[in-house]
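First comes the structure, then the notes that go with it.
The values are calculated or read from the model by the stated rules, or taken from the named source; none is laboratory data. Because the structure is predicted, anything quoted here is derived from the model rather than measured. Heads up, the Cβs are rebuilt from the backbone with ideal geometry, glycines too, and the neighbour counts pull from every protein chain shown. The area values use the complete protein model at the heavy-atom level, side chains included, leaving out ligands, DNA and RNA. Shrake-Rupley method; radii C 1.70, N 1.55, O 1.52, S 1.80 Å.
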Amino acid sequence: MKVTLDLDVLLDEGKITQKEHDKFSGFSAKNTSSLGFSILIAFGVVAIIAGLLILVPSAEVAIGIGLLILVSGIGVLRSESDQWRLLANIFVVLGALLFGGGVLMLSENSESPTLVVLFVVVVYAMASVLARSSFLAVLSVFLSSSLIGAMTGHGFATYFLSIENPITTVLLYTALGISLYQVSKNVDIKYKSI
């Protein structure tokens, strides 16, 4: 559980002592200055990627850039540097999205689109665990729904969701939910947020 407290206000109001203030201050994040720098780098990377994809709009370029960024993010995560964890997580999410999107674009006319979608679902699920990203976990579940006939669409100010096999969908996602709940009871605390 995360709790945000303003220690200076609590000290001024007399709710904690100076000793408690010093003790709790010691628990705070050490290098928060790298947060802004990581966000700036991430914006720069997004701008460069957008520029490259505008100049050379192809699925192959998206896959290549996605793999490069994904591997870079995984490399930084494996170094276990707390200072660069945020940037590494951003790289893993960005790389997985670019790679998966490129693979799906490249396979539009594929003979076995089910295997391609399943591959991208697995990539998103694995990347969600590496980056501890709930966004990628949810995206992998949504993408997996297309394997059982779910689809979306939109028109002018209208959006719709179509599920061809509701019984299959309910049974599959009920089983998945129960399974993931059981797994969540046995995982390390750092993965509980996924």
Assuming T114 fulfils every condition listed in (1) part of a helix (DSSP H, G or I); (2) modelled with pLDDT of 85 or more; (3) farther than 23 Å from G44 by Cα; (4) out of contact with any Phe, Trp or Tyr (no Cβ under 6 Å at 6 or more places or on another chain) apart from one, which condition is it? (2)
Taking segment 72-81, which residues are loosely packed, with under 11 Cβ neighbours inside 10 Å and modelled with pLDDT under 80? E80
Please enumerate the residues belonging to segment 40-71 that are within 17 Å of the chain's Cα centre (by Cα) and open to solvent by 50 Å² or more (accessible area, probe 1.4 Å). F43, V46, L67, L68, V71
Checked G95, G51 against criteria (part of a helix (DSSP H, G or I) and out of contact with any helix residue (DSSP H, G or I) (no Cβ under 8 Å at 6 or more places or on another chain)); the one match is G51
Pairs only if they're at least six apart or on different chains, beta carbon under 9 angstrom, first in segment 55-81 and within 18 Å of R132 (Cα to Cα), second among the charged types (D, E, K, R); list them, first residue then second. V76/R85; L77/R85
I'd like the residue in segment 148-177 that is of a type in the set (S, T, N, Q) and without any contact (Cβ under 8 Å) to a residue 12 or more places away in the chain and, out of all such residues, is nearest to P113 (Cα to Cα). T152
What's the number of the only condition in (1) without any contact (Cβ under 8 Å) to a residue 12 or more places away in the chain; (2) closer than 15 Å to S128 by Cα; (3) aliphatic (A, V, I, L, M); (4) not in a helix (DSSP H, G or I) that L180 fails to meet? (4)
Going by the conditions given, is I16 assigned to a helix (DSSP H, G or I), among the β-branched types (V, I, T) and at negative phi? no
Quick check: anything in segment 29-39 open to solvent by 70 Å² or more (accessible area, probe 1.4 Å), more than 27 Å from V129 (Cβ to Cβ) and modelled with pLDDT under 85? yes
Cβ contacts < 9 Å: first residue over 26 Å from I194 (Cβ atoms), restricted to segment 1-16; second residue surrounded by fewer than 10 Cβ atoms within 10 Å (Cβ to Cβ) and at pLDDT 80 or above, any location; separation 6+ or different chain. Result? L11/Q18
